[in-house]
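**Q** Take a look at this one; I'll ask things after.
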């Protein structure tokens, strides 16, 4: 999936100060408990999580397929004077970890619902590629929204309106489609002195993986699930009420993937 069309709108929609204050303490705790020092942020987007973790002393590598978002990530790291390595790659590009020159990590974070961009048929391969980046015993933190909770909501699953400094409005909505991929729609409304309001719509697909599917794919990838939480405060994974699901895996001891000649 090409995320470039929606990348600018997506980043503007997030209240980053509030989000990082909620998520970083959880990530720091899990990574530290697993003894992680060298950490990869896979699907790092504009790099906000990577920069925040780098400021806490972790050695970070940010990985994302969207060049425009990586450019933003580099700018954010320079502004905060945090040294981070950046790699332009998707989940499928990490097969054999050739892009990282064989480097393995003590920890990987993959947050922001990024794994839901992966088709269900490709989920085992994606987790296998993540597992291949980890040292034995390394920790993987995987985050998705709780699709089951969203699907059971009585009202339409639209998020709050964001009001930008220039008077523009942003609205995000999830459109469930049963067993098919969901659509995420970003609607931006900008004031125009001549036309009143101009409208722009960006959309992309999400695949609502269940907890069972993720755990099974992890097991096939030699990843042992050691924790499942209903949010970034360690909540119970309540299928009816939890907005987020945070999976914690440990990489089992497996041989390195041989390079293809």
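Just so it is clear, none of the values below were taken in a lab; they were calculated from the coordinates. Here the structure is a predicted model, which means the values were calculated and not measured. All Cβ positions, glycine included, derive from the backbone under ideal geometry; neighbour counts span all protein chains shown.
**Q** Using Cα pairs under 8 angstrom and six or more residues apart, how large is the relative contact order of the range 1-101, in percent?
**A** 24
**Q** Answer rounded, prolate or oblate for the range 8-126, using the Cα gyration tensor with square roots of eigenvalues a ≥ b ≥ c: rounded when a/c is under 1.5, else prolate when a/b is larger than b/c, else oblate.
**A** Because its axes are fairly even, with a/c under 1.5, the range 8-126 counts as rounded.
**Q** For helix 211-220, what angle does its Cα long axis make with the longest principal axis of the chain, in degrees from 0 to 90 and rounded to 10?
**A** With both axes taken from Cα atoms, the answer is about 30 degrees.
**Q** Counting other beta carbons within 10 Å of each residue's own, what order do 134, 170 fall into, fewest first?
**A** 170, 134
**Q** Taking the Cα atoms only, what angle lies between the long axis of helix 67-79 and the longest principal axis of the chain, rounded to 10 degrees?
**A** With rounding to tens, the tilt is 80 degrees.
**Q** Moving on. Subtracting the Cα-Cα distance from 0.36 nm times the residue separation, let me have the gained length for residue 17 to residue 33 in nm, one decimal.
**A** Once the chain is fully extended between residue 17 and residue 33, it gains 3.3 nm.
**Q** Here's a follow-up. Please give the helix 123-132 orientation as an angle from the longest Cα principal axis of the chain, in degrees from 0 to 90, rounded to the nearest 10.
**A** 50
**Q** For the range 149-206, what is the relative contact order in percent, using Cα pairs closer than 8 Å and at least 6 residues apart in sequence? List each step's numbers first, then the result.
**A** Working: 95 pairs, mean separation 14.1, N = 58.
After rounding, I find 24 percent.
**Q** By the gyration tensor of its Cα atoms, with a ≥ b ≥ c the square roots of the eigenvalues, what is the shape of the range 68-222: rounded for a/c under 1.5, prolate for a/b over b/c, or oblate?
**A** Oblate, because a/c is 1.5 or more while a/b does not exceed b/c.
**Q** Same structure again: Counting only helical runs of four or more DSSP H residues, what would the 222 nm mean residue ellipticity of the chain come to if each run contributes -39,500 (n - 2.57) and the total is spread over all its residues? Provide the component values of the computation, followed by the final result.
**A** Numbers: 7 runs with 74 residues, N = 261.
Only helices count here, giving -8500 deg cm²/dmol.
**Q** To continue, here is another question. What are the equivalent ellipsoid semi-axes of the chain, built from the alpha-carbon gyration tensor (square roots of five times its eigenvalues), in whole angstrom, biggest first?
**A** For the chain, the semi-axes come out at 30, 22, 18 Å.
**Q** Counting pairs of alpha carbon atoms under 8 Å apart in space and at least six apart in sequence, what relative contact order in percent does the chain give?
**A** 18
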